[in-house]
Amino acid sequence: MKHNDRLLDLSMYRQQKQRVAEEQVEVLYNRSREFVERETNIREKVRAKMLFMKRFNVNKQFANSEKVEQVFREWYLFDYKTIKGDTLFFQYLRAEDNNLSESLKIVGALFLTAPWVPVKLKGIDNNTSSFKVLDIIQGKVEHVKGNNIQIPHLREDTIFFMRKIPLVLTQWLIGPYFVLGNEEQLLSLQKEYKSMHQSNGVLWRTFLKETAPRYILSD
């Protein structure tokens with residue numbers, strides 16, 4: 001086999017692996033949402049909503065707004081800790097009746113540590129449903145694909161929060177993304193992180209897990 005043929009086969013193989021991984025991500029996301037609706041009781045959700053409102057300083061006047069509900073729904077699935085100390089997504093992965101394959105569990109593990117991260121938009125490709133973004137945390141440009149990337153009116157250098165995980169060829173968007181009101185909020189976030197890191201050594205991922213919703217909802 002010629003060298004070019006081997007490269008072509010490798011490229012096609014990686015593209016196929018990417019498509020499979022994308023399908024697995026969507027399966028996990030949709031099924032975990034269904035699991036939460038089916039398996040968690042109203043008392044758990046009320047407890048979570050009270051913690052959410054208090055922790056992120058949500059004005060009661062806007063408690064039932066569409067944006068607050070969207071942010072709460074994603075936080076409730078991925079970041080809220082039950083009395084047992086587990087996230088609901090972790091409980092979903094461990095549920096015995098899920099019959100998840102090993103490959104799905106491996107992909108699912110990526111969800112567990114993925115926070116909302118601030119990124120700066122550098123381009124949109126509607127043909128491939130992908131963003132070109134600068135990950136402000138890591139300081140590098142990435143391509144992020146996802147089924148929810150279909151909004152052409154965002155301007156370059158718009159800052160927004162997204163939850164993303166690495167797949168074979170690109171990052172993949174999990175759930176919705178939220179535009180940050182202005183760059184001053186980003187500076188405030190970076191200043192707060194620097195202060196907390198210096199005082200108790202908190203890492204970026206942990207910091208964002210604990211604080212990102214407050215900035216998302218600060219408009």
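A few remarks follow.
- Helix axis angle, 42-55 relative to the chain longest principal axis, alpha carbon, degrees: 80
- Net charge contributed by nearby residues that have their C-beta within less than 15 Å of Arg55 (K/R +1, D/E -1): +3
- Modelled spin-label separation between Asn30 and Lys105, with each label point placed 7 Å from Cα along the Cα-to-Cβ direction: 2.4 nm.
- Computed label-point distance, nm, for sites Leu10 and Leu51 using a 7 Å Cα→Cβ extension: 4.6
- Calculated translational diffusion coefficient of the range 3-112 (25 °C, 0.890 mPa s; Stokes-Einstein with Kirkwood radius over alpha-carbon pairs) equals 152 µm²/s.
- Alpha-carbon Debye profile of the chain, log10 I(q)/I(0) at 0.11 Å⁻¹: -0.60
- Residue-wise HN-Hα coupling along the range 131-147, computed from phi with Karplus coefficients 6.51, -1.76, 1.60 (Hz; x: Gly, Pro): 9, 10, 10, 9, 6, 5, 5, 8, x, 9, 7, 9, 9, 10, 9, x, 6
- Debye-formula intensities of the range 23-78, expressed as log10 I(q)/I(0) at q = 0.20, 0.26 Å⁻¹, are -0.78, -1.09 (one equal scatterer per alpha-carbon, no solvent).
- With a cut-off of 15 Å between beta carbons, the residues surrounding Leu208 carry a summed charge of +3, where Lys and Arg count +1 and Asp and Glu -1.
Each reported figure results from applying straightforward, stated rules to the coordinates on display, with no laboratory input. Here the structure is a predicted model, which means the values were calculated and not measured. Note that each Cβ is placed from the backbone with ideal geometry, even for glycine, and that neighbours are counted across all protein chains shown.
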